[in-house]
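These notes concern the structure reproduced below.
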Amino acid sequence: MEKSIENIWKEGFLKSDALIAPKLNNLYNQKSIHIIDKFRRMFRLNLIAIVAFSFIFLIVSYFLGILLMGAIFFVALTVLVIINKRLLNALESIDKGENSYQYLKEFNQWIKMQIAVNKRISTFLYPIIFMSFIIGFWFKDADGIFLGERLVAKILIRFPDIHLVYGIPLIGIIAAFIILGLLAFFGGRIYQWDLNIIYGRVLRKLEELMADIESLNT
């Protein structure tokens, strides 16, 4: 029968070749269990929250007449959840082995991989979300006319000589591309900032625990 994580930690730290002194076994055992379990719970709850929010936003967008925005937003977040659910499954399948410290190191490596993957996703996700808002409001029905067309008509009244590209002001297209470029460029940093807000405290505790164990091993 597969051993529980708790038993693996107990055995790993109590081995004759354990990395830390026996009198500290229980202390680091409890810290490790607490940190990893807390991260897992937060990760699962975050995925559930994203799914719930995407469904709610899709429904709200229907009643607000911006269903196209809601649909794009929903698909983008669904892909994000699917990818991260697979990452979570990969975490569950990590070989816990016989050494609790080794498992802790593998967990730390998994976190780094998860962060790297989501940083790459963010370079596409934030621009897609921005475009979903632009497209959604542009094609919103405003008394039988798309809101975007109504906006362009008002702009032409004030600036009749403005250059249009397929019925869209060129300056608006340029501004949109600049924003898209900035979101793509800073997407990874935006994700890192968001990550620090949600998981920062847990990740710092993990780093401190790893540093403590490694310092005691030297």
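The values are calculated or read from the model by the stated rules, or taken from the named source; none is laboratory data. Predicted model, so just to flag it, every value in this text is computed and none were measured. No Cβ is skipped: glycine too gets one built from the backbone with ideal geometry, and neighbour counts run over all protein chains shown.
Please work out which one of (1) over 14 Å from the mean Cα position of the chain (by Cα); (2) at pLDDT 85 or above is the condition Lys85 fails and give its number.
Condition (1) is where Lys85 drops out.
Which number in (1) surrounded by 14 or more Cβ atoms within 10 Å (Cβ to Cβ); (2) in contact (Cβ under 8 Å) with a residue 24 or more places away in the chain; (3) of a type outside the set (Phe, Trp, Tyr) marks the one condition that Arg44 misses?
(1) is the only condition that Arg44 fails.
Name the residues in segment 131-164 that are exposed (fewer than 12 other Cβ atoms within 10 Å of the Cβ) and under 15 Å from Ser61 (Cα atoms), would you?
Once the filter is applied, which keeps residues that are exposed (fewer than 12 other Cβ atoms within 10 Å of the Cβ) and under 15 Å from Ser61 (Cα atoms), segment 131-164 yields only Asp141.
So in segment 124-152, with the set limited to residues that are without any contact (Cβ under 8 Å) to a residue 24 or more places away in the chain and part of a helix (DSSP H, G or I), which one is nearest to Ala184 (Cα to Cα)?
Among those residues, the one meeting the criterion is Trp138.
Taking the options Gln109, Gln114, Gln102, name whichever one is modelled with pLDDT under 85 and in a helix (DSSP H, G or I).
Gln102
Does Phe13 satisfy the criteria of being buried (at least 18 other Cβ atoms within 10 Å of the Cβ), more than 30 Å from Trp138 (Cβ to Cβ) and at pLDDT below 85?
yes
Restricting to segment 110-123, count the residues that are loosely packed, with under 15 Cβ neighbours inside 10 Å and either touching a residue at least 60 places away in the same chain (Cβ under 8 Å) or on the phi > 0 side of the Ramachandran plot (or both).
Of the residues in that region, 1 qualify.
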